[in-house]
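The values are calculated or read from the model by the stated rules, or taken from the named source; none is laboratory data. All figures in this text were calculated on a predicted structure; none of them were measured in a lab. Because the Cβ atoms are built from the backbone with ideal geometry, glycine has one as well, and the counts that use them run over all protein chains shown.
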């Protein structure tokens with residue numbers, strides 16, 4: 001990653017994360033407890049194979065993740081023609097059970113701030129973690145079902161505790 005670029009954008013990134021946290025509170029207070037959201041993408045064959053090999057395991061994002069409440073929109077992104085022949089159209093179906101998710105896992109409905117509000121965008125903050133539930137293979141489209149997960153945060157907390165303990169013992 002380009003550290004200089006991250007440094008230049010640090011205030012923007014901090015501001016975006018703060019605004020996502022504010023919007024996230026609205027989701028927590030809403031009546032909606034289950035969110036089904038989607039992301040359409042073209043993946044390199046290697047990326048797709050890695051996901052396939054890791055069914056049942058956790059994956060995390062290394063940036064913000066843009067998704068939509070509209071399956072049809074995500075599908076159009078996945079099926080959009082590409083000049084590259086080595087890519088695979090994928091539709092990610094992400095199940096978010098808000099009642100079982102730690103409040104520190106930040107995602108927000110940002111349609112009211114979007115230039116394209118009809119996209120009904122839901123944006124995940126940095127380092128969101130998902131469990132790959134299943135991959136339904138089809139000739140024209142691969143459907144990857146995932147669940148938003150707390151496990152990434154638990155692993156991180158355990159690692160930090162272990163590291164602190166080892167440091168104290170030195």
**Study point:** Verdict on residue 54 being within 28 Å of residue 113 (Cα to Cα) and either out of contact with any helix residue (DSSP H, G or I) (no Cβ under 8 Å at 6 or more places or on another chain) or modelled with pLDDT of 95 or more (or both)
**Key:** no
Exercise for review: Sort out which residues of the range 110-127 are at pLDDT 95 or above and either within 13 Å of the chain's Cα centre (by Cα) or crowded, with 19+ Cβ neighbours inside 10 Å (or both), and write them in order of number.
Suggested key: 121, 122, 123, 124
Exercise for review: Return the residue satisfying two criteria in turn: it lies in the range 148-170 and is buried (at least 17 other Cβ atoms within 10 Å of the Cβ) and modelled with pLDDT of 85 or more, and of such residues it is nearest to the chain's Cα centre (by Cα).
Suggested key: 148
Review point. Which members of the range 23-63 meet the condition of being free of Cβ contacts under 8 Å to residues at least 40 places away in the same chain and either under 17 Å from residue 103 (Cα atoms) or surrounded by 11 or more Cβ atoms within 10 Å (Cβ to Cβ) (or both)?
Key: 25, 29, 30, 31, 47, 49, 50
Check your understanding: Quick one: is residue 107 buried (at least 20 other Cβ atoms within 10 Å of the Cβ) and under 17 Å from residue 69 (Cβ atoms)?
Key -> yes
